[in-house]
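Heads up: the structure comes next, in structure tokens.
The values are calculated or read from the model by the stated rules, or taken from the named source; none is laboratory data. Quantities reported herein were computed from a predicted structural model and do not represent experimental measurements. Glycine gets a Cβ as well: all are built from the backbone with ideal geometry, and neighbour counts include every protein chain shown. To get the accessible areas, we keep the full protein, side chains included, count just its heavy atoms, and leave off ligands, DNA and RNA. Shrake-Rupley method; radii C 1.70, N 1.55, O 1.52, S 1.80 Å.
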Amino acid sequence: THRVVIIGAGIVGTNLADELVSRGWTDITVVEQGPLHMPGGSTSHAPGLVFQTTPSKTMTSLARYTVQKLQSIEKDGQNCFNQVGGLEVATTPARLKELKRRHGFATSWGIESRLVSAEECLQMYPHLNKDLVLGGLHIPTDGLALAARATQLLIERTSKAGVRYIGSTPVTGIQRTDNRVTGVTTPDATIPADIIVSCAGFWGVELGAMVGVSIPLLPLAHQYAKTSAVPTLKGRDINSRINGLNAALPILRHQDQDLYYREHGEQYGIGYYGHRPMPIVAASLGLTSKNVDDKNMPSRLEFTPEDFDPAWKETQRLLPALQQTQIADGFNGIFSFTPDGGPVFGQAPNLDGFYVAEAVWVTHSAGVARAMAEVLTTGRSQIDMGECELSRFEDVQLSRAYVNETSQRNFVEIYDILHPSQPKESPRNLRTSPFYSRQQDLGAFFVELGGWERPFWYEANAELLNFLPAEWKPVERDAWSAKFHSPIVAAEAWKTRNAVAMYDMTSFHRFEMSGPGAVHLLQRLTTGDISAKPGTITYALLLNSDGGIRGDIFVSRLSDQAFQIGANSATELAYLSREARRQGQWVQGRDITGSTCCIGLWGPRARDVISTVSTDDFSNRAFPYFHVKNATINGIPVTALRKSYVGELGWEIQTSAEYGPRLWDTIFQAGKIHGLIAAGRAAFNALRLEKGYRTYGTDMTSEHNPYEAGVSNAIRASKWEDYVGRYALDRLSQQVPTRRLRCLTIDDGRSMVLGKEPVFYRGKPVGYITTAAFGYTVRKPIAYAWLPAQVSQGQGVEVEYFGRRIKATVAAEPLYDPDMKRLLD
Ligand code: FAD
């Protein structure tokens, strides 16, 4: 059995101990710097509001499990969740609309919710000012976590099951041999461990530093205050009414003014996110374990009333009954924020056996703990954790400057209405491709991802709109879907399908894997047969042992022992490089993304362009589809890969970064007479979808298998080697899928959806949209959706968009060039 040490006895650490115990693990020690009866971390004073609904399926699923779990932790006839429901109110028309979108998220992820009128809000919540509220969203299963109590009950129940708790003892170091942890040190002893999980909350940065792992979280103070007794509530017999719990009204959110509320018996609790960000360095708080009580603990800083003033004024407006109260008690409580708002979860990249589960809200705590226990015991979790993985952050996103700035922005924007395509304001220009200045000259609209500046369209192409054939003219969009979008995209799509376009593919991850062990490694980890001769490209999946998809990659065999891997996300590469390191045989992995650059040259006239700048043979016979070879373009040594995400003839042309500008200029100049333009990511995404190409992480995750996701073509049945997930695939291939990723087209040809909307079949919600775009070639919006398998081709469904039902039809796919004529000639 494994010896596990969990650092931190907050709501996450204690839940993890419990989840491991329930899976039969026995050798578990929890080390906590504070006293166990009140450790003094964020959990010790968390007011415990659990609003489950978010735009993220993962986060919502983690919250739903947390609610169930808290309801199951019971003592003396009382469990640890007070299901008073949640009410989000709108005081502006924009918020009222936003609540419709949030209602859509709840429906997509299977959380019951209801849009309610202003009158119903008042019935449900009589304290509300009727002149302010326009309407609301009610979620009956939301409520209050009794987090501190749950922590104590979990300590009690896991102690009985044999978990050792060591309180008032800080972990001061992590012991390791080579790349593996061996134990933790404390002032008194060394505790041996095979697995260490840091559940240290906002002290995560300090714990990570002990092993050289950057933990991208920032502790920030957040104001929480309690009023004096509300006269109308005074003496209310709350105990008999609600089973010993001190709140009866729904938890309340007033996001227009960054506020939330709950009852504490006769008092009100008010949480405020509208104040200036107040960053903290946890190490500066010291490892205080003395004198911890209700009012004194490291995570509780002195209240700064001047920062709370606007909150108090607004509160008295929204809840006039509180005008007769004062602030009785307040504090600035500390918890973690991250660059993208998600938790930090998973194994450290450089150290086997060191795991983290931090920046986790009470709301998601049990869900995250269960996922960690599943990963430790089986290697995979039932809820996809891709968007929570520590490895989702690229190096540049791990710098303190980046973490500080982006996490503070996240605090500021926490209740804002955010458009899914809204570009980050700052920091920008962290990573630019060698083509950047050329793209600026063409008026590129850049959107950042992973620190990269990526052109979405080029203003220089605006004049093409005047020449667009009628059937290519962009349709008018509603105001929301028109945001961060340009009609120019239609022109770029048109040029790609009818002439030729160049796309900057530099930011896609490229990874070199070489050495005598490379073939074996790739055979063992992927569904493809990569033993084919050098010069070939293979599309393959990375699976977990359950057959769930954990990535999709392009493997190009450059020589006997050298491969180039093309991947969409940092998480896929982190997995490959970890496995490369683990494999005993000689194999080396190297990320070459930033040292190289790449142009996708695609369109029916791509060959005309390339043959004017290269003397190499780019004919179909000499250079067939899905092949790779070295070539020279205007004197520049390049690697050309014959593949295309947009579904047109062409190549990805890569070279090392110093040749970038010359490569761009050469192709751009040579292409002019063939009608070449530079085109951006927006056209790319639309064309990709017409061709039915899925994106890992959005369209499919580890929750899906290749058969239901429609990517079983990446499984090479004739491969004789064993690989991760093969056994599960044998089983799955015998089963009829119960759900499928389907292609929908929107019937009216113009109503846009953007992704994550719920899909209805015969009036019932049955699935959700993954990706959507306007299909310029098919002249209709397209959306991919997860649907029950019985909803078959040709059938009608409805997509709910801001409360409006849009008719759509399940279409045969791919919509564009199913015979591959454009690609194979
Ligand atoms: P913690 O509870 O902080 O536990 C980490 C533990 O690790 C601590 O006990 C600490 O002492 C210990 N530790 C750290 N370093 C070491 C070391 N070196 N050695 C040994 N032990 C160590 N969340 C919600 O979901 N809903 C809310 O309404 C809500 N409201 C909040 C209001 C306020 C004012 C604050 C401050 C937070 C709120 N949160 C809320 C956030 C929530 O409280 C936290 O995200 C959550 O409690 C974190 O749990 P945790 O177990 O990860 O961390």
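Of all residues being open to solvent by less than 30 Å² (accessible area, probe 1.4 Å) and part of a loop (DSSP other than H, G, I, E, B) in segment 738-757, which is nearest to ILE806 (Cα to Cα)? Just the residue, please.
Checking each candidate, the answer is SER751.
Would you check if THR809 is of a type in the set (S, T, N, Q), over 24 Å from GLY547 (Cα atoms) and in a strand (DSSP E or B)?
Answer is yes for this residue.
Would you mention how many residues in segment 56-83 are touching a helix residue (DSSP H, G or I) at 6+ places or on another chain (Cβ under 6 Å) and surrounded by fewer than 17 Cβ atoms within 10 Å (Cβ to Cβ)?
1
Please identify the pairs in which a residue from segment 796-825 that is over 26 Å from GLY104 (Cα atoms) has its Cβ atom under 9 Å from the Cβ atom of a residue that is of a type in the set (A, V, I, L, M) and exposed (fewer than 13 other Cβ atoms within 10 Å of the Cβ), counting only partners at least 6 apart or on another chain.
PRO818/ALA812
Take segment 103-113 and flag every residue that is outside any helix (DSSP H, G or I) and either touching a residue at least 60 places away in the same chain (Cβ under 8 Å) or open to solvent by 20 Å² or more (accessible area, probe 1.4 Å) (or both).
Residues satisfying the conditions are TRP109, GLY110, GLU112, SER113.
Go through segment 48-79 residue by residue and tally those that are at pLDDT 95 or above and part of a loop (DSSP other than H, G, I, E, B).
8
Give me the pairs: first residue in segment 498-526 and at positive phi, second residue open to solvent by 10 Å² or more (accessible area, probe 1.4 Å), beta-carbon distance under 7 Å, and six or more apart or on different chains, which are they?
These pairs meet every condition: GLY515/GLN561; GLY515/TRP586; GLY515/VAL587; GLY515/GLN588.
Going through segment 84-102 one residue at a time, which ones are open to solvent by 10 Å² or more (accessible area, probe 1.4 Å) and in a strand (DSSP E or B)?
none
With respect to ASP384, is the statement that it is without any contact (Cβ under 8 Å) to a residue 24 or more places away in the chain and either within 18 Å of the chain's Cα centre (by Cα) or open to solvent by 20 Å² or more (accessible area, probe 1.4 Å) (or both) true?
no
Tally the residues that are in contact with a strand residue (DSSP E or B) (Cβ under 7 Å, 6 or more places away or on another chain) and assigned to a loop (DSSP other than H, G, I, E, B), restricting the search to segment 476-499.
Adding up the residues that qualify gives 1.
Looking only at segment 539-565, count how many residues are open to solvent by 10 Å² or more (accessible area, probe 1.4 Å) and either farther than 21 Å from ARG642 by Cβ or under 20 Å from the mean Cα position of the chain (by Cα) (or both).
The total comes to 6.
Any idea how many residues of segment 682-694 are assigned to a loop (DSSP other than H, G, I, E, B) and open to solvent by less than 20 Å² (accessible area, probe 1.4 Å)?
Residues in segment 682-694 being assigned to a loop (DSSP other than H, G, I, E, B) and open to solvent by less than 20 Å² (accessible area, probe 1.4 Å): 2 in total.
Let me spell it out: the conditions are (1) touching a Pro at 6+ places or on another chain (Cβ under 9 Å); (2) open to solvent by 30 Å² or more (accessible area, probe 1.4 Å); (3) small (Gly, Ala, Ser), and GLY697 meets all of them except one. Which number is the exception?
Every condition holds for GLY697 apart from (1).
Which members of segment 430-458 meet the condition of being part of a loop (DSSP other than H, G, I, E, B) and more than 22 Å from the chain's Cα centre (by Cα)?
The answer is THR432, SER433, PRO434, PHE435, LEU442, GLY443.
Quick test of your reading of the structure: PRO47 fulfils all but one of (1) near the ligand (Cβ under 9 Å from one of its atoms); (2) over 26 Å from GLY135 (Cβ atoms). Name the failing condition by number.
(2)
Return a yes/no flag: does segment 34-44 have any residue that is surrounded by 23 or more Cβ atoms within 10 Å (Cβ to Cβ), within 13 Å of the ligand (Cβ to nearest atom), at positive phi and assigned to a loop (DSSP other than H, G, I, E, B).
yes
Any idea which residue in segment 206-225 is farthest from the ligand (Cβ to nearest atom), counting only those that are over 18 Å from SER365 (Cβ atoms) and within 21 Å of the chain's Cα centre (by Cα)?
My answer is SER214.
Can you pull out the residues in segment 125-175 that are within 31 Å of the chain's Cα centre (by Cα) and away from the ligand (no atom under 16 Å from the Cβ)?
Residues satisfying the conditions are GLY135, GLY136, LEU137, HIS138, PRO140.
Please verify whether GLY341 is in a loop (DSSP other than H, G, I, E, B), within 14 Å of the ligand (Cβ to nearest atom) and either among the hydrophobic types (A, V, I, L, M, F, W, C) or at pLDDT 95 or above (or both), treating the condition exactly as stated.
Here the answer is yes, as GLY341 does meet what is asked.
Conditions (1) crowded, with 24+ Cβ neighbours inside 10 Å; (2) not hydroxyl-bearing (Ser, Thr, Tyr), marked per residue:
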position	(1), (2)
PHE345	yes, yes
ASN350	no, yes
TRP361	yes, yes
HIS364	yes, yes
THR378	no, no
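Condition (residue is near the ligand (Cβ under 8 Å from one of its atoms), open to solvent by 10 Å² or more (accessible area, probe 1.4 Å), outside any loop (DSSP other than H, G, I, E, B) and under 18 Å from GLY204 (Cβ atoms)) applied to segment 9-30: is it met by at least one residue?
Yes, segment 9-30 contains a residue that is near the ligand (Cβ under 8 Å from one of its atoms), open to solvent by 10 Å² or more (accessible area, probe 1.4 Å), outside any loop (DSSP other than H, G, I, E, B) and under 18 Å from GLY204 (Cβ atoms).
Return the residues of segment 116-154 that are β-branched (Val, Ile, Thr) and touching a strand residue (DSSP E or B) at 6+ places or on another chain (Cβ under 6 Å); say none if nothing qualifies.
VAL116, VAL133, ILE139, listed by residue number.
Residue by residue through segment 304-334, note down the ones that are open to solvent by 40 Å² or more (accessible area, probe 1.4 Å), within 16 Å of the ligand (Cβ to nearest atom) and not in a helix (DSSP H, G or I).
ILE327, ALA328, ASP329
Enumerate the pairs (first residue in segment 450-476 and closer than 19 Å to THR777 by Cα and of a type in the set (A, V, I, L, M, F, W, C); second residue anywhere and part of a loop (DSSP other than H, G, I, E, B) and at pLDDT 95 or above) with beta-carbon separation below 6 Å, excluding pairs fewer than 6 apart on the same chain, so at least 6 apart or on different chains.
PHE456/GLY680; TRP457/SER486; TRP457/GLY680; VAL475/ARG750
When segment 758-781 is examined, which residues are found to be buried (at least 23 other Cβ atoms within 10 Å of the Cβ) and not in a strand (DSSP E or B)?
TYR776
Those residues that are assigned to a loop (DSSP other than H, G, I, E, B) and surrounded by 16 or more Cβ atoms within 10 Å (Cβ to Cβ), I need them from segment 705-736; list them, please.
Result: ASN705, GLY710, VAL711, ILE715, ARG716, LYS719, TYR723, VAL724, GLY725.
Based on what the data block shows, is ARG524 crowded, with 19+ Cβ neighbours inside 10 Å and basic (Lys, Arg)?
Spelling it out, it is not the case that ARG524 is crowded, with 19+ Cβ neighbours inside 10 Å and basic (Lys, Arg).
Please state which one of ALA63, ALA106 is hydrophobic (A, V, I, L, M, F, W, C) and in contact with a His (Cβ under 9 Å, 6 or more places away or on another chain).
Going through ALA63, ALA106 in turn, just one is hydrophobic (A, V, I, L, M, F, W, C) and in contact with a His (Cβ under 9 Å, 6 or more places away or on another chain): ALA63.
On the basis of being in contact (Cβ under 8 Å) with a residue 12 or more places away in the chain, in a strand (DSSP E or B) and more than 7 Å from the ligand (Cβ to nearest atom), does GLY346 make the cut?
yes
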